[in-house]
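Structure record follows, encoded as structure tokens.
The values are calculated or read from the model by the stated rules, or taken from the named source; none is laboratory data. Bear in mind that the values here come from a model prediction, so they are computed numbers and not experimental data. In this analysis, Cβ positions are derived from the backbone assuming ideal geometry, glycine residues included, and neighbour counts consider all displayed protein chains. Quick note on the areas: whole protein, heavy atoms, side chains included, nothing else; ligands and nucleic acids left out. Shrake-Rupley method; radii C 1.70, N 1.55, O 1.52, S 1.80 Å.
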Amino acid sequence: MNINTKIVLRLQPYGRHLLQKQLKQANSPVPLLVTSIREASSGAALEYDAPNAYKFHMLEKGPNTHVSCNREEGLDYYKKMQIVRRMEASANNMYKSKLIRGFCHLYSGQEAVCVGMKAAMDKNDSLITAYRAHGWTFMMGVPVTGVLAELTGRKSGCAEGRGGSMHMYAPNFYGGNGIVGAQVPLGAGVAFAHKYRGESNVCIALYGDGAANQGQVFEAYNMAKLWSLPCIFVCENNGYGMGTSSARASANPNFYKRCEYIPGIWVDGMDILAVREATRFAREWCTSGKGPMIMEMATYRYFGHSMSDPGTSYRTREEIQDVRKSRDPITSFREKLVQAKIATEDEFKAIDNDVKKIIEDAENHAQNDPELHVDELYSHVYSQPPPKFKIRGCDNFTFKEVSK
Amino acid sequence: MKSVKDLVKAHGSIILLRRSLSLTTRALAEKTITIREAITQAMDEEITRDDRVFLMGEEVAQYDGAYKMSKGLWKKHGDKRIVDTPITEMGFAGIATGAAMAGLRPICEFMTFNFSMQAIDHVINSAAKTYYMSSGKVKVPIVFRGPNGAAAGVAAQHSQDYSTWYSQCPGLKVIAPYSAEDCRGLLKAAIRDDDPVVFLENELIYGQQFAISDEALSPDFVLPIGKGKIEREGKHITLASYSIGIKICLEAAKELEQNGIDCEVINLRTLRPLDEDIIKTSVKKTHHLVTVEFGWPQCSIGAEIIARICESDAFDYLDAPPIRVTGADVPLAYAKTLEQNSMPQVSNVLKSVKKVLNK
């Protein structure tokens with residue numbers, strides 16, 4: 001027998017204020033979060049309505065507000081989000097122990113976006129993002145070792161240690177890009193290639209609320225629309241561009257409405273099933289020849305902009321804690337699955353232990369694997385070096401002849 | 001004759017016209033093509049040969065190219081292969097680079113390289129460095145091409161020479177052709193090359209006729225990137241130059257011949273990777289060196305060449321310090337006399353050669 005249960009969650013004051021702020025930008029009153037959870041009698045599934053998960057720009061109808069997933073999917077998404085969370089926690093620790101150098105931008109808090117979107121992607125879809133890329137790198141197929149060892153600059157890193165945090169690559173995954181906004185026209189170019197070859201694939205080009213004001217983003221919008229490129233432009237709006245809130249940086253902080261000729265969807269980026277559903281909708285839109293689409297994922301990052309930013313000079317600790325308590329993508333999803341009796345707390349504990357082992361093993365490699373031999377600094381400058389090509393080192397007595 | 005009229009129309013300066021007229025008489029004997037034709041043909045052949053090659057830029061399709069470099073290509077190949085863009089260099093250079101990363105082989109035209117400054121982040125950070133940063137996982141087989149350096153009377157913002165800026169960056173191949181044969185062979189090589197190439201043309205000689213062999217007209221004619229050519233053999237002094245600089249070197253060499261001075265003119269063809277061996281071999285033979293280019297003197301290609309010669313065993317073969325002929329160290333003026341005297345002329349080369357040879 002199915003039991004319909006309506007649960008009204010009352011938010012903590014700060015959490016509600018944050019939600020208010022984000023929704024005010026979308027011009028609507030603060031709703032009560034209503035979730036109805038159905039207990040399935042057979043073929044365990046999580047289903048519920050998320051009526052406030054989307055807002056539309058230039059769209060008459062959008063993704064389904066009734067979302068669902070089966071047990072297998074639920075556990076898989078949970079595990080993947082947990083892997084990203086723990087992987088970033090490991091990166092945080094290793095950075096503090098000086099095993100990771102330079103820049104390190106952590107994705108913690110935004111997991112529902114990368115896991116939810118990937119769940120809706122076809123295996124031949126492409127993706128490109130900026131420097132907050134570790135979660136995406138994992139989701140696009142690089143094992144945790146490939147990510148952590150790249151961060152510590154080892155040979156077993158996915159770019160053999162040459163790229164570091166901001167330059168990780170995989171098939172159909174074009175990084176990891178250090179220059180703010182550059183990835184957006186690049187992504188439109190990848191979409192151009194899909195269309196050129198007659199493939200029914202999309203390229204997802206991600207950028208943050210800070211990058212959303214870059215001129216080249218609008219140049220990419222223009223050409224993507226003119227040429228009907230199958231490109232989904234996704235703004236991961238975590239509220240802050242480094243230390244500047246989106247309200248202080250953007251005259252129009254409704255990033256999904258920024259283009260007057262491309263339809264847009266605002267999505268509750270903390271609800272993984274809403275993210276997946278919206279991505280399915282956008283993908284269907286783009287691959288049916290309707291041209292590009294913009295999505296804004298309302299999400300949040302717990303850490304500062306990067307490891308050199310404590311993240312508390314421009315926002316309060318209370319705000320961070322409240323999002324953790326009331327809107328965390330992983331714990332809220334887990335709670336839903338438990339309440340719907342899809343899985344038990346013990347099963348989740350087992351998954352957590354599994355994840356712990358994966359991260360520990362990766363950390364082991366990241367800390368103990370060797371770096372590339374120093375002579376490798378001369379490799380891969382060209383894919384086709386001319387014959388007898390010599391590269392100069394730091395003085396007139398140091399030259400290396402390279403054939404690759 | 002029609003070809004003479006075309007030549008007259010195409011050139012603004014008497015020096016260029018004199019040069020072209022002297023070629024015209026030879027034109028009666030052997031086949032000649034203009035640089036424009038060489039580039040158009042090269043693009044046409046490569047687009048026909050490989051499905052992945054396409055041309056993208058402002059006015060390249062329906063306008064036949066701002067300088068008519070893609071004349072007839074849109075009619076022949078259509079919208080998919082010849083793509084007109086809005087005036088958004090950063091955007092379309094990024095799109096072209098992304099398409100290259102995803103396996104296509106774009107030719108991205110900058111109407112002039114002055115506008116490439118708006119897109120230079122994509123040329124350097126997105127294109128040049130990606131193969132290295134990805135440890136060989138992501139190739140970027142793109143060609144950025146267009147006219148570089150001064151035209152006639154277009155003033156400072158439209159006249160900059162970007163040879164040294166691009167040639168400084170590892171990961172790029174930078175080609176600066178001179179003749180029609182250079183343009184054919186090197187553009188085809190650039191398009192077939194898997195690395196990002198910056199192909200610096202010169203608008204002032206687009207209309208110049210050059211003799212061309214049948215071999216150079218064959219569809220698979222490619223020249224090696226990174227190898228210079230001895231444009232004129234000589235034994236008294238080496239003139240190392242590229243692109244339009246070769247023009248004044250050859251004219252200077254002709255005049256100097258009458259004074260009994262025999263110049264060896266080296267056409268670098270490629271700026272990165274630079275063919276230092278051809279220069280060293282020549283210097284070891286002639287013992288004297290003058291570099292010639294149209295760009296600014298500070299951090300010039302000539303400075304790089306002279307540094308390399310001095311750092312190598314070729315230094316011991318020099319009988320005099322090597323010197324440079326470059327553009328004047330000023331933004332380019334519009335007024336005719338000022339402009340002409342801001343760019344190197346044959347007289348600058350003559351003076352420099354005589355000084356180095358102590359004559």
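Across segment A:192-202, which residue is surrounded by the fewest Cβ atoms within 10 Å (Cβ to Cβ) among those that are more than 8 Å from every other protein chain (Cβ to nearest Cβ) and not basic (Lys, Arg)? Applying the filter and picking the extreme gives A:Gly198.
When the criteria are applied in full, A:Thr316 fails the requirement of being open to solvent by less than 30 Å² (accessible area, probe 1.4 Å) and either in the same structural domain as A:Met81 (by TED's automatic domain parsing) or at pLDDT below 95 (or both).
Per the listing A:Met223, A:Met121, the residue uniquely more than 8 Å from chain B (Cβ to nearest Cβ) and either closer than 27 Å to B:Ile87 by Cβ or touching a residue at least 12 places away in the same chain (Cβ under 8 Å) (or both) is A:Met121. Inclusion of A:Tyr174 among residues that are in contact (Cβ under 8 Å) with a residue 12 or more places away in the chain, closer than 19 Å to A:Ser126 by Cβ and at the interface with chain B (Cβ under 10 Å from one of its Cβ atoms) is warranted. When residues in segment A:386-404 are screened for being assigned to a loop (DSSP other than H, G, I, E, B), open to solvent by 30 Å² or more (accessible area, probe 1.4 Å) and either more than 9 Å from chain B (Cβ to nearest Cβ) or closer than 20 Å to B:Ile225 by Cβ (or both), 8 of them pass.
Screening B:Lys137 on (1) in contact with a Lys or Arg (Cβ under 9 Å, 6 or more places away or on another chain); (2) free of Cβ contacts under 8 Å to residues at least 40 places away in the same chain; (3) open to solvent by 10 Å² or more (accessible area, probe 1.4 Å) shows it passes everything except condition (1). When each of A:Arg162, A:Arg154, A:Arg132 is tested for being more than 10 Å from every other protein chain (Cβ to nearest Cβ), of a type in the set (D, E, K, R) and under 21 Å from A:Glu376 (Cβ atoms), the lone residue that passes is A:Arg154. Would you check if there is a residue in segment B:320-329 being out of contact with any strand residue (DSSP E or B) (no Cβ under 9 Å at 6 or more places or on another chain) and either in contact (Cβ under 8 Å) with a residue 40 or more places away in the chain or under 30 Å from B:Asp193 (Cβ atoms) (or both)? Yes, the conditions are met somewhere in segment B:320-329.
Being under 26 Å from A:Trp266 (Cβ atoms) and surrounded by fewer than 24 Cβ atoms within 10 Å (Cβ to Cβ) is a property that A:Gly210 has.
Each row is one residue, and each column tells you yes or no for (1) touching a Lys or Arg at 6+ places or on another chain (Cβ under 8 Å); (2) open to solvent by 30 Å² or more (accessible area, probe 1.4 Å); (3) polar (S, T, N, Q).
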{"site": "B:Ile301", "(1), (2), (3)": "no, no, no"}
{"site": "B:Ile305", "(1), (2), (3)": "no, no, no"}
{"site": "B:Ala320", "(1), (2), (3)": "no, no, no"}
{"site": "B:Ile323", "(1), (2), (3)": "yes, yes, no"}
{"site": "B:Ala328", "(1), (2), (3)": "no, yes, no"}
{"site": "B:Asn341", "(1), (2), (3)": "no, yes, yes"}
{"site": "B:Lys351", "(1), (2), (3)": "no, yes, no"}
{"site": "B:Asn358", "(1), (2), (3)": "no, yes, yes"}
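Here B:Asp277 does not qualify as over 19 Å from B:Gly295 (Cα atoms) and open to solvent by less than 40 Å² (accessible area, probe 1.4 Å).
Residue-level check: of (1) over 14 Å from B:Phe144 (Cβ atoms); (2) more than 11 Å from chain A (Cβ to nearest Cβ); (3) aliphatic (A, V, I, L, M), B:Met101 misses just (2).
The residues on offer are B:Leu256, B:Leu187, B:Leu239, B:Leu250, and the sole one that is part of a strand (DSSP E or B), away from every other protein chain (no Cβ under 14 Å), in contact with a strand residue (DSSP E or B) (Cβ under 7 Å, 6 or more places away or on another chain) and open to solvent by less than 40 Å² (accessible area, probe 1.4 Å) is B:Leu239.
Residues in segment B:272-319 that are away from chain A (no Cβ under 13 Å) and not in a helix (DSSP H, G or I): 16 in all. So is A:Lys155 touching a residue at least 24 places away in the same chain (Cβ under 8 Å), in a helix (DSSP H, G or I) and open to solvent by 10 Å² or more (accessible area, probe 1.4 Å) or not? No, not satisfied.
Residues that are open to solvent by less than 80 Å² (accessible area, probe 1.4 Å), within 14 Å of another protein chain (Cβ to nearest Cβ) and touching a residue at least 12 places away in the same chain (Cβ under 8 Å): does segment A:354-373 have at least one? Checking segment A:354-373: at least one residue is open to solvent by less than 80 Å² (accessible area, probe 1.4 Å), within 14 Å of another protein chain (Cβ to nearest Cβ) and touching a residue at least 12 places away in the same chain (Cβ under 8 Å).
If you scan segment A:177-190, which residues turn out to be at the interface with chain B (Cβ under 8 Å from one of its Cβ atoms) and open to solvent by less than 10 Å² (accessible area, probe 1.4 Å)?
Correct list: A:Ala182, A:Val184, A:Pro185, A:Leu186, A:Gly187, A:Ala188, A:Gly189, A:Val190.
Residues in segment A:242-282 that are more than 10 Å from A:Met297 (Cβ to Cβ), of a type in the set (Val, Ile, Thr) and open to solvent by less than 10 Å² (accessible area, probe 1.4 Å): A:Ile262, A:Ile272.
Of the residues in segment B:67-89, not one is open to solvent by less than 10 Å² (accessible area, probe 1.4 Å) and touching a Pro at 6+ places or on another chain (Cβ under 8 Å).
In segment B:223-236, the qualifying residues are those that are buried (at least 18 other Cβ atoms within 10 Å of the Cβ) and not charged (D, E, K, R), and the one that is farthest from the chain's Cα centre (by Cα) is B:His236.
Residues that are open to solvent by 10 Å² or more (accessible area, probe 1.4 Å), more than 10 Å from every other protein chain (Cβ to nearest Cβ), of a type in the set (Gly, Ala, Ser) and in contact with a strand residue (DSSP E or B) (Cβ under 7 Å, 6 or more places away or on another chain) are absent from segment B:156-165 altogether.
Residues that are of a type in the set (D, E, K, R), within 23 Å of A:Asn201 (Cβ to Cβ) and not in a loop (DSSP other than H, G, I, E, B) within segment B:78-124 comprise just one, B:Arg105.
Residue by residue through segment A:141-152, note down the ones that are of a type outside the set (S, T, N, Q) and either open to solvent by 20 Å² or more (accessible area, probe 1.4 Å) or more than 15 Å from the chain's Cα centre (by Cα) (or both). If you could, list the steps in order and put the result at the bottom.
Quick first cut of segment A:141-152, residues of a type outside the set (S, T, N, Q) only: A:141-144, A:146-151.
Scanning segment A:141-152 gives A:Gly141, A:Pro143, A:Val144, A:Gly146, A:Leu148, A:Ala149, A:Glu150, A:Leu151.
Selection over segment B:330-359 of residues that are of a type in the set (D, E, K, R) and touching a strand residue (DSSP E or B) at 6+ places or on another chain (Cβ under 9 Å) gives a count of 2.
Of the candidates B:Gly146, B:Gly171, the single residue that is touching a helix residue (DSSP H, G or I) at 6+ places or on another chain (Cβ under 8 Å) and in a strand (DSSP E or B) is B:Gly146. Tell me, please, whether a residue that is facing chain A (nearest Cβ under 9 Å) and under 21 Å from A:Gly161 (Cβ atoms) can be found in segment B:106-124. No, there is no match, as no residue in segment B:106-124 is facing chain A (nearest Cβ under 9 Å) and under 21 Å from A:Gly161 (Cβ atoms).
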